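Q: Once you've had a glance at the structure underneath, I'll fire off some questions.
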Amino acid sequence: MSDDHGFDALVALCARLRAPDGCPWDREQTLETLKTYIIEEAYEVVDAVSDEDRGKLAGELGDLLFQIIFAAQIAAERGWFDVAEVCRAIHAKMVHRHPHVFGDVEVSGAAEVVRNWEALKAREGRRAGALAGVPRQLPALLKALRITEKAAAVGFDWERARDVLAKLDEEVRELRAELAPERGEDGVQRVREELGDVLFVMANLARQLGVDPEAALQGANDKFARRFAAMEAGARARGVALSSLDLGELDALWDAAKAEERG
């Protein structure tokens, strides 16, 4: 990549867009308005990774990088920091958090790296507890995974996946006990809490099994969508709408879609 289109040029471009004679839309943006765009671009990066599309991934990473530099430009205008300070800070942090690479610490594997990472963060004295640092706005399933990872890093964890399965059975029993035929507002709240417990334990189980629960659920979502689309195609081939079929007919279409997908 030439210097004319490198990192410094992108920084200069963001400053130009925000200049008094720059783009009116870009000049109106604030850190608050950028939040949605940052989240959206991050998810588009994830989509590109999932699609294994190298060209798309390069473009989406660029979009996300632009949002980061743009946010740093707004911060610089407020006198807070500039993008160079952002780079220096993350560089120093990564060196400090990887003593097994840049120092003389030895580790046995990735699990020990995670434990050391959390211990270093604790010693830095900028956190209120072991669970600090988990973004409040993370999607709930991913947040559950991060929370349990941090708890496990300080030793609060099940020893085996089968122990988590036993806990899951317990939580399902508690949920089933709340599913009374009639329940008032308190009953609805208890069902919500018990269902939340089931989902939380499921995230913990996924971590124990080495499975990303967010990716697993996305895979299940995609699979359902494919099979449902096949059901719709099957109904159209018969000249009918799904909504006109009874449950038995819908189940038959679903089974046919599963069989076709499995080859």
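The values are calculated or read from the model by the stated rules, or taken from the named source; none is laboratory data. The model shown is predicted, which means the values in this text are computed figures rather than measured ones. When we count neighbours, we look across all protein chains shown, and the Cβ atoms used for this are built from the backbone with ideal geometry, even at glycine. These area figures cover heavy atoms from the full protein model, side chains too; ligands, DNA and RNA do not enter into them. Shrake-Rupley method; radii C 1.70, N 1.55, O 1.52, S 1.80 Å.
Q: Pairs, please: C-beta under 7 Å, at least 6 apart or cross-chain, first residue over 12 Å from Glu260 (Cα atoms) and in region 228-246, second open to solvent by 40 Å² or more (accessible area, probe 1.4 Å) and not charged (D, E, K, R)?
A: Between residues of region 228-246 that are over 12 Å from Glu260 (Cα atoms) and residues that are open to solvent by 40 Å² or more (accessible area, probe 1.4 Å) and not charged (D, E, K, R), the close pairs are Ala235/Ala241; Leu242/Leu250.
Q: Kindly list, by first and then second residue, each pair from a residue in region 82-111 that is within 30 Å of Ala15 (Cα to Cα) to a residue that is open to solvent by 60 Å² or more (accessible area, probe 1.4 Å) and part of a helix (DSSP H, G or I), limited to pairs with Cβ atoms under 6 Å and residues at least 6 apart or on different chains.
A: Cβ pairs passing all conditions: Val95/Phe102.
Q: Can you pull out the residues in region 1-44 that are among the acidic types (Asp, Glu), within 18 Å of Arg78 (Cβ to Cβ) and open to solvent by 90 Å² or more (accessible area, probe 1.4 Å)? Break it down stepwise before answering.
A: Taking region 1-44 as the starting set, the residues that turn out to be among the acidic types (Asp, Glu) are 3-4, 8, 21, 26, 28, 32, 40-41, 44.
From the residues that got through so far, the ones that are within 18 Å of Arg78 (Cβ to Cβ) too are 26, 28, 32.
Glu28, Glu32, listed by residue number.
Q: Something else: Quick one: what pairs do we get from region 186-208, first residue over 17 Å from Lys143 (Cβ atoms), second open to solvent by 50 Å² or more (accessible area, probe 1.4 Å), C-beta under 6 Å, 6+ apart or different chains?
A: Glu194/Glu174
Q: Tell me whether region 114-124 contains one or more residues that are on the phi > 0 side of the Ramachandran plot and small (Gly, Ala, Ser).
A: No, the conditions are met nowhere in region 114-124.
Q: If you don't mind, another one. Among the residues of region 48-67 satisfying the criterion of being in contact (Cβ under 8 Å) with a residue 12 or more places away in the chain and open to solvent by less than 80 Å² (accessible area, probe 1.4 Å), which is farthest from Arg136 (Cα to Cα)?
A: Among those that are in contact (Cβ under 8 Å) with a residue 12 or more places away in the chain and open to solvent by less than 80 Å² (accessible area, probe 1.4 Å), it is Leu57.
Q: Go through (1) free of Cβ contacts under 8 Å to residues at least 12 places away in the same chain; (2) part of a helix (DSSP H, G or I); (3) closer than 28 Å to Lys121 by Cβ one by one and return the number of the condition Ala9 breaks.
A: Every condition holds for Ala9 apart from (3).
Q: If you don't mind, there's one more thing I want to ask. Every residue in region 68-114 that is surrounded by 12 or more Cβ atoms within 10 Å (Cβ to Cβ) and not in a helix (DSSP H, G or I), please.
A: Phe81, Asp82, His98, Val105, Val107
Q: Every residue in region 143-156 that is open to solvent by 40 Å² or more (accessible area, probe 1.4 Å) and in contact (Cβ under 8 Å) with a residue 40 or more places away in the chain, please. Can you show your working first?
A: Within region 143-156, the subset open to solvent by 40 Å² or more (accessible area, probe 1.4 Å) is 143, 146-147, 149, 154-156.
Passing the criteria: only Glu149.
Q: Suppose the filter is at pLDDT 95 or above and either closer than 30 Å to Gln218 by Cβ or hydroxyl-bearing (Ser, Thr, Tyr) (or both); does Ile74 pass it?
A: Spelling it out, it is not the case that Ile74 is at pLDDT 95 or above and either closer than 30 Å to Gln218 by Cβ or hydroxyl-bearing (Ser, Thr, Tyr) (or both).
Q: Does any residue of region 57-67 turn out to be at pLDDT 95 or above and over 21 Å from Leu13 (Cβ atoms)? Let's see the steps before the verdict.
A: Just the residues of region 57-67 that are at pLDDT 95 or above, to begin with: 57-67.
From what's left, over 21 Å from Leu13 (Cβ atoms): 57.
Yes: region 57-67 contains one or more residues that are at pLDDT 95 or above and over 21 Å from Leu13 (Cβ atoms).
Q: Let me ask you something else. Hey, can you tell me all the residues within region 88-125 that are within 25 Å of Gln67 (Cβ to Cβ) and out of contact with any Phe, Trp or Tyr (no Cβ under 9 Å at 6 or more places or on another chain)? Give the steps one after another, and end with the answer.
A: In the first step, residues of region 88-125 are kept if they are within 25 Å of Gln67 (Cβ to Cβ); the result is 88-94, 97.
If the condition is that a residue be within 25 Å of Gln67 (Cβ to Cβ) and out of contact with any Phe, Trp or Tyr (no Cβ under 9 Å at 6 or more places or on another chain), then Arg88, Ile90, His91, Ala92, Lys93 are the ones that fit.
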